[in-house]
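Below: one structure, written as structure tokens.
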Amino acid sequence: MKTKYITAALAATFALTGAHAQEKTLGFNQKIPEKIMTPDKVETRLGTLNFVDGVPTEETTKTLYDHLDHSRGVEAFLKFIPAASLEGLRLGSTELGATKSNQLIICDQLMDSNPLFLTGNTDTVYCFAFLDLEKDGPTVVEVPAGCGPGTVDDAFFRFVIDMGAPGPDKGEGGKYLILPPDFEGEKPKDKADGGEYFVAQSTSYVNWIPLRGFLKDGKPDAATTMFKDGFKVYSLAKKDNPPKMEFISASKKVFNTVHANNFEFFHELDNVVQKEPISFLSPEQRGLLASIGIIKGKEFAPDERMKKILTDAVAVGNATARAISFRDREERGRYYPGSAWYSLSTVTDYQWLDREIEGAFNFNAQTKFFYGYTVNTPVMMMRLIGKGSQYAIAFADTDGNPFDGAKNYTLNVPKDVPAEAFWSVVVYDPQTRSQLQTGQPFPGKNNTREKFITNDDDSVTFYFGPEAPEGKESNWLQTVPGKGWFMIFRLYSPLDPWYDKTWRLGEPKLVKDAPEKK
């Protein structure tokens, strides 16, 4: 009987062993989960990838490294648009002759459509300064009383401090002290604590300061005088004998401030990396740039293979940025449900942290903003009644079709626009994201500068097209056949009805019939 039990147990053991043997993966002692295995052939968007027992073939390895370098190039383009954009602004300033911090650019006759400048307005007097904290050290910026919105942004377009009306001087003017990233020693006491200056420390040597002055009686003269008399920039070390300020007019001038969309983009980016301290970028950011050959202290000199890959990567990155900018798939970016109007950003945080995804960084929001716009400040994202500015952008008509310069459109602006300072509409070129160049030097309409024809309900209807409708010239904005366009509706010092949407901007509509010819 005992022998019988032993025989049965052995039989069961051999049967179990045989079952396991049948389940073993070929070449292994046991069955290996299929999910961790790599087949000898894998079909992908890159084509067929070939492996020998999990090891890529030489040809597949080349394909994968080309793809890796390309994807890193695309990522670098999209993530570093802010840095390249600010470098473009710096290069544009030097093109006009502003190479020192006491040489300021001023649009004393407003900004017209001559310069290439991302979505600049035709409504305020711009005055720009560039700081070089590496050369000048701690730098004093005197802001005049009555100044409109102003900001300091670092070389990655990161916010440093506001100035003017939304800043700590609250429009009363004052002295600011901007410290370099490597400043050592005790920081000067801030004015809030009884000091002489409003103090801020930047994360970069290069900093951009755009200030805006409002029109008076529809003219720029008062704002121009305000800046020339009161906007001063000088090294703290020279405060007792500061250099004379120089103001360079940018009105009616042709110059470019827009970053490159070809291989030159990486050279612009390399300029920034070489200028700024290591601390300017995080290790992860530096690592991404190093993976495509941009390393501080080393020459950016890609070989023929890498240059070809990066040239294509810029093309794909630029195309992607345009898709994100002009055909945003984020419905929450619409200013009103189903509307043609979009906000500047799908998030309401100037650091691009998205509350709807647990405060994660929203890369597309950052790309969309900096591909088309300048100036980064919390004010643009905040609900500030009677201060700052707000924007609505339309890239297409109410049917979702992009604007065609050969066709005619209308936009109705209801009465009582909730803007304490002014409101305006300006048209732009989708290629350059700058003001649309037409027969109108200023392709915009401003309620403080123009007298509009109003409707019976006191609303204003604007007309867009190659030719003005008979008798509607004052409400007409010219477009160009063969070119697209988009528009921005601005409110300076916006009021409650804009934020709570009890006042609603009309939708841009295609006109089916052409206007009467003169």
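Details
- The residues of segment 188-236 that are of a type in the set (Lys, Arg), without any contact (Cβ under 8 Å) to a residue 24 or more places away in the chain and in contact with a Phe, Trp or Tyr (Cβ under 8 Å, 6 or more places away or on another chain) amount to a single one, Lys191.
- Out of Asp354, Asp303, Asp349, sole residue that is in contact with a strand residue (DSSP E or B) (Cβ under 9 Å, 6 or more places away or on another chain) and of a type outside the set (Ser, Thr, Tyr): Asp354
- Among the residues of segment 294-330, those that are touching a Phe, Trp or Tyr at 6+ places or on another chain (Cβ under 6 Å), β-branched (Val, Ile, Thr) and assigned to a helix (DSSP H, G or I) comprise Thr311, Val314.
- Residue in segment 331-344 that is farther than 23 Å from Trp485 by Cβ, in a loop (DSSP other than H, G, I, E, B) and modelled with pLDDT under 95 present: yes
- Any hit, segment 469-476, residues being in the same structural domain as Phe395 (by TED's automatic domain parsing), touching a strand residue (DSSP E or B) at 6+ places or on another chain (Cβ under 9 Å), under 26 Å from Ser85 (Cβ atoms) and not aromatic (Phe, Trp, Tyr): no
- In segment 425-438, the residues that are in contact with a strand residue (DSSP E or B) (Cβ under 9 Å, 6 or more places away or on another chain), farther than 17 Å from Trp341 by Cβ and either assigned to a strand (DSSP E or B) or of a type outside the set (Val, Ile, Thr) (or both): Asp429, Gln431, Arg433, Ser434, Gln435, Leu436
- Residues that are under 21 Å from Arg72 (Cα atoms) and without any contact (Cβ under 8 Å) to a residue 24 or more places away in the chain within segment 310-337 comprise Ala319, Ala323, listed in sequence order.
- Single residue of Tyr391, Tyr335 found to be in contact with a Ser or Thr (Cβ under 6 Å, 6 or more places away or on another chain) and surrounded by fewer than 21 Cβ atoms within 10 Å (Cβ to Cβ): Tyr335
- Counting the residues of segment 207-261 that are buried (at least 21 other Cβ atoms within 10 Å of the Cβ), among the aromatic types (Phe, Trp, Tyr) and under 26 Å from the mean Cα position of the chain (by Cα) gives 2.
- Evaluation of Val140 against (1) of a type outside the set (Asp, Glu); (2) surrounded by fewer than 22 Cβ atoms within 10 Å (Cβ to Cβ); (3) under 21 Å from the mean Cα position of the chain (by Cα) (one fails), failing number: (3)
- Within segment 111-141, the residues that satisfy the criterion of being among the acidic types (Asp, Glu) and either modelled with pLDDT of 95 or more or under 16 Å from Lys232 (Cβ atoms) (or both) are Asp112, Asp132, Glu134, Asp136.
- Matching option when the condition is surrounded by 14 or more Cβ atoms within 10 Å (Cβ to Cβ), touching a Pro at 6+ places or on another chain (Cβ under 6 Å) and in contact (Cβ under 8 Å) with a residue 12 or more places away in the chain, among Pro469, Pro443, Pro508: Pro469
The values are calculated or read from the model by the stated rules, or taken from the named source; none is laboratory data. Everything numeric in this text was worked out from a predicted model, so none of it was measured. Glycine gets a Cβ as well: all are built from the backbone with ideal geometry, and neighbour counts include every protein chain shown.
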